[in-house]
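The structure appears right after this line, and notes come after that.
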Amino acid sequence: MNHRVSPKAGVRRTHAERSAATRQHLIATAIDVIQHRSLEEMSIHELAKSAGMTSGAVQHHFESKAVLMMNVLSELIESTVRSGELRPSPALPARERAAKFVQAVWSLVYAQPRFIVAWNIYLGCRNQPEVLGHIAELRQSVQTRMHEGFFTAFPELAAEPDRDGLLGLVLSSLRGLGMLQLFAPAQPSAPDAVHQAQLACLADWIATRCEAAAASAATPAKVRTRRR
């Protein structure tokens, strides 16, 4: 007697894989609800309804809205990391590097709908210490990654005494532009033109600082050569 194995038998998912897929589906649904409606509407009941599940099934994976929000924030951060390369090669000219960096960080992070979703969560969970603690950990992780990436891309600035303030100003500028999307008018072309002009100014400032730092670092060597 011949026993044939079903083609599906080889690709059958484990319980852990099915559970992980369900969690990802719920997180993606929660992000969609917050993005297109509001954080206030994102309850366990509404999530279950939107995901086509029961409230009990949702609570099996996320016992509370606070735990769900922590997982949503983690996914938002990880999706930013997975979405593309944020650091240009340090071998490129300073102005090309600066333009690539600013455009990449803007398009992959601050111009994304997930950025606004994250800020909705930040602002909506101010009275939830558990979520706020998780937010602080995530922000520290992101800050560390951005710090390493920025000074790898711009090694001229790594030895500057105001390096932390410099990076803070760059990220604050980008974050501010991202927040302005909450108040953008109905015509998308006008604010986009303004944003692009501001991004160009920011890239020019980074490049100018790189050029000044490189020139300053080269000056002592030239002076020593002349003395000889």
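Of note:
- Filtering segment 104-118 to residues that are in contact with a helix residue (DSSP H, G or I) (Cβ under 7 Å, 6 or more places away or on another chain) and not small (Gly, Ala, Ser) leaves Val105, Trp106, Leu108, Val109, Tyr110, Pro113, Arg114, Phe115, Ile116, Val117.
- Selection over segment 19-59 of residues that are assigned to a helix (DSSP H, G or I), in contact (Cβ under 8 Å) with a residue 60 or more places away in the chain and polar (S, T, N, Q) gives a count of 1.
- When Tyr110 is tested against (1) of a type in the set (Ser, Thr, Tyr); (2) assigned by TED's automatic domain parsing to the domain that holds Thr152; (3) surrounded by fewer than 17 Cβ atoms within 10 Å (Cβ to Cβ), exactly one condition is not met: (3).
- Segment 1-18, residues that are in a helix (DSSP H, G or I) and at pLDDT 75 or above: His15, Ala16, Glu17, Arg18
- Residue, modelled with the lowest pLDDT, within segment 160-187, restricted to residues that are surrounded by 13 or more Cβ atoms within 10 Å (Cβ to Cβ) and of a type outside the set (A, V, I, L, M): Gln181
The values are calculated or read from the model by the stated rules, or taken from the named source; none is laboratory data. Values in this document were obtained by computation on a predicted structure and should not be read as measured data. Neighbour counts are summed over all protein chains in view; Cβ atoms, including those assigned to glycine, are modelled from backbone coordinates with ideal geometry.
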